[in-house]
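The values are calculated or read from the model by the stated rules, or taken from the named source; none is laboratory data. It should be emphasised that the depicted structure is a prediction, and the values quoted were computed from it without experimental measurement. A quick note on method: Cβ atoms are made from the backbone with ideal geometry, for glycine too, and the neighbour counts reach across all protein chains shown. Note: areas computed on protein heavy atoms with side chains; ligands, DNA, RNA excluded. Shrake-Rupley method; radii C 1.70, N 1.55, O 1.52, S 1.80 Å.
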Amino acid sequence: MSTPGVKTIYKANLLNPVARDRVDAYSPGYLVVSGNSIEELSREDPRPRIKSAEFVDLDHNTIVPGFVDTHVHLPQFAIMGVGSGELLNWLNNYTYPEEARFADPEYANRIATQFFDGLLANGTTTAVIYSSVHEQATDIAFLIAKLTGIRAFIGKAMMDRNSPLELLEDTDASLAASVRLFEKWDGADNGRLRYIFTPRFAGACSMDLMKRVGQIAKERTAFIQSHLSENLDEVAWIHTLFPDLPSYTSVYETAGMLTERSIMGHCIHLSEDEVGLLAQNQVKVAFCPYSNRTLRSGTMPYQRLRDAGLTIGLGTDIAGGPSLSMLDQLEQAQEAVNISASEALYLATLGGAKVLGLDGQIGSFEPGKDADFVVLENKSVWEVYVQGKLVYF
Ligand SMILES: [Zn+2]
C-alpha cells in the first residue's frame, strides 16, 4: 500500500497520451509517484533532486496510463467467447439466460470477483459497467469493486418490456431499485464509485421508463448508459416499436436521455440528423470494435463521429466482444477504422477519461492525477498500479 508522502521513481519507456493526435514518448522516462498521485514525469533522472525516493528500474518495459473501458457487461463474463449469430438472437439464446443466473447472490458474488480481477489483470483501472437487472447482484458488484480499489461506474440494467420473464421488470420497481442503488453508491469510496442509470436499450424499455430515467438523471445530474444503433435488424425493430419517431436516436432524445453525461454504446447505423443530435447534446460514444466484428454488426463510422465533435472512448463490450483486454481492443480499433496506434492508445486512456469527465484526474501522466498505470512487457500486461498501489503482477 502506498503511503502518503512516500515517493517512488519508476524508470521505464513511457507513453503519455496528451491529445488525440499526440502521444509523447519518453525512452527512458522517469515517473515520480507520491502517495496516490503522479508528482512529475521527466526525461532527466530526478534522483539527484529527490533523494528520499525509492527507485524502481523497469528497464526495457513500457508504462502507459491505466486503461478506461467505457462499455462492459459484468454478467456476461462467464460466457465470453461463447455463442454466435447476430445481436437479437445472441441476446435471447446466450445472454439473457446467463444474466438470469444473477438472481442468485452467491453466483453474482463469484462472477463479480472473477470479473474485477480480470479487469485489473488486463490493465483496466476504470470501467463503465452494465450489471444485470438484479438489485442485489448490482449491490454486490459495487462491494467487490470497492474491495479491489478500481474506479467504476456501475448500473443495474433496466428492462420493462420485450424481455424474458426471468428478467422482465415492473416499471416502478425498476426505477425504485435504481434510485436506491444511486443513493447508496453514487460518489462512494471518495468518488471512485459512481452509479450510472442503465435502461438497456429502446427495445427492452418502455417510453415511460426511459422518460422517467431522463427526468431522474436530470434532477440528480446522474450518468446514463444505453445501446444505440448496433445492428440493422435491431434498428428496423426499433422503428416498428416507435413508428411515430423519425429515428432510433430520436427515441432517446424524446425520453430526455441524451445528455453530456450519457454514454451510448456502438452508434453504428446513424443518419446525419442522428449524428447531429448526439453532437448537439454532447452525448459520449463507446466504440466497441471487437464486439461489432464478432456479432457482425457493422463498423462504427469513427471518422464521421469524431469530425462531428463527439467524444469517443473504447469499450470491450464482453461478451459481444470475446476479450476483456483493452490491448486487444486497441488492435481491433486500428484495423476496423484505420487509425494510428497512438490514436487507439489515446481512445483507451485519455479519450475514455474525457467520456467520463475525468480527464483532470486520470488518463495521462500529469502532476496531481491518480497514479493509475500499466507496466507492459512485450506488449503484455506485466504489472498494474491503481493510485500508486500495485494491484496486479
Ligand atoms: Zn453492450
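Return the total of residues in the stretch 286-323 being assigned to a helix (DSSP H, G or I), open to solvent by 10 Å² or more (accessible area, probe 1.4 Å), closer than 24 Å to Gly123 by Cα and not polar (S, T, N, Q).
The first filter runs over the stretch 286-323 and keeps only residues assigned to a helix (DSSP H, G or I), leaving 289-294, 302-307.
Restricting the remaining residues to those that are open to solvent by 10 Å² or more (accessible area, probe 1.4 Å) gives 290, 293-294, 303-304, 306-307.
Among the residues that remain, those that are also closer than 24 Å to Gly123 by Cα are: 290, 293-294.
Adding the requirement that they be not polar (S, T, N, Q) leaves 290, 293.
Of the residues in that region, 2 qualify.
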Exercise for review: Answer yes or no: is there a residue in the stretch 62-77 that is assigned to a strand (DSSP E or B) and more than 25 Å from Ile263 (Cα to Cα).
Suggested key: yes
Check your understanding: Does the stretch 43-54 contain any residue that is among the aliphatic types (A, V, I, L, M) and buried (at least 20 other Cβ atoms within 10 Å of the Cβ)?
Key -> no
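Identify all residues within the stretch 341-384 that are among the small types (Gly, Ala, Ser) and touching a residue at least 40 places away in the same chain (Cβ under 8 Å); write none if there are none.
Within the stretch 341-384, Ser342, Ala348, Gly351, Gly352, Ala353, Gly357, Gly363, Ser364, Gly368, Ala371, Ser380 meet the criteria.
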Exercise for review: May I ask you to verify whether Asp328 is in contact with a helix residue (DSSP H, G or I) (Cβ under 9 Å, 6 or more places away or on another chain) and on the phi < 0 side of the Ramachandran plot?
Suggested key: yes
Exercise for review: Filter the stretch 168-186 down to residues that are over 23 Å from the mean Cα position of the chain (by Cα) and acidic (Asp, Glu), then give me how many there are.
Suggested key: 3
Study note, to complete from the structure: For the stretch 258-282, the count of residues that are away from the ligand (no atom under 16 Å from the Cβ) and either assigned to a helix (DSSP H, G or I) or within 21 Å of Gly214 (Cα to Cα) (or both) equals 15
Practice item. Under 7 Å between Cβ atoms, at least 6 apart or on separate chains: pull out the pairs that start in the stretch 214-227 with a residue that is touching a residue at least 24 places away in the same chain (Cβ under 8 Å) and more than 17 Å from Ile154 (Cβ to Cβ) and end on any residue that is open to solvent by less than 10 Å² (accessible area, probe 1.4 Å) and not in a helix (DSSP H, G or I). Key: Gly214/Met257
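This table checks each residue for (1) touching a Ser or Thr at 6+ places or on another chain (Cβ under 6 Å); (2) aromatic (Phe, Trp, Tyr); (3) over 20 Å from Trp185 (Cβ atoms); (4) part of a helix (DSSP H, G or I).
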| position | (1), (2), (3), (4) |
| --- | --- |
| Trp90 | no, yes, yes, yes |
| Thr95 | no, no, yes, yes |
| Arg110 | no, no, yes, yes |
| Gly118 | no, no, yes, yes |
| Thr126 | no, no, no, no |
| Ile129 | no, no, no, no |
| Ile140 | no, no, no, yes |
| Lys146 | no, no, no, yes |
Review point. How do the pairs read when you match residues in the stretch 59-83 that are farther than 24 Å from Val386 by Cα and open to solvent by 10 Å² or more (accessible area, probe 1.4 Å) with residues anywhere that are among the β-branched types (Val, Ile, Thr) and within 16 Å of the ligand (Cβ to nearest atom), using Cβ under 8 Å and keeping only pairs 6 or more apart or on different chains?
Key: Ile79/Thr95; Met80/Ile318; Gly83/Thr95
Review point. Which of the residues belonging to the stretch 111-126 are open to solvent by 10 Å² or more (accessible area, probe 1.4 Å) and either of a type in the set (Gly, Ala, Ser) or free of Cβ contacts under 8 Å to residues at least 12 places away in the same chain (or both)?
Key: Gly118, Ala121
Practice item. Would you please name the residue that is surrounded by the most Cβ atoms within 10 Å (Cβ to Cβ), looking only at residues in the stretch 169-188 that are touching a residue at least 40 places away in the same chain (Cβ under 8 Å) and of a type in the set (A, V, I, L, M)? Key: Leu181
Review point. Gly191 passes all but one of (1) farther than 23 Å from Ala353 by Cβ; (2) outside any helix (DSSP H, G or I); (3) free of Cβ contacts under 8 Å to residues at least 12 places away in the same chain; (4) open to solvent by less than 40 Å² (accessible area, probe 1.4 Å); which number fails?
Key: (1)
Study note, to complete from the structure: Reported set for the stretch 151-168 where residues are open to solvent by 30 Å² or more (accessible area, probe 1.4 Å) and not aliphatic (A, V, I, L, M) is Arg161, Asn162, Pro164, Glu166
Review point. Does Met326 count as within 12 Å of the chain's Cα centre (by Cα), open to solvent by less than 30 Å² (accessible area, probe 1.4 Å), hydrophobic (A, V, I, L, M, F, W, C) and over 23 Å from Phe197 (Cα atoms)?
Key: yes
Exercise for review: Run down Glu86, Glu99 and say which single residue is farther than 23 Å from Val355 by Cβ, within 16 Å of the ligand (Cβ to nearest atom), of a type in the set (Asp, Glu) and in contact with a helix residue (DSSP H, G or I) (Cβ under 6 Å, 6 or more places away or on another chain).
Suggested key: Glu99
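Counting only residues that are part of a loop (DSSP other than H, G, I, E, B) and open to solvent by less than 20 Å² (accessible area, probe 1.4 Å), which one in the stretch 247-257 is farthest from the ligand (Cβ to nearest atom)? Working first, answer last.
In the first step, residues of the stretch 247-257 are kept if they are part of a loop (DSSP other than H, G, I, E, B); the result is 247, 256-257.
The next check asks that each one be open to solvent by less than 20 Å² (accessible area, probe 1.4 Å); those that pass are 247, 257.
On the way: Ser247: 20, Met257: 16 Å.
Ranking the candidates gives Ser247 first.
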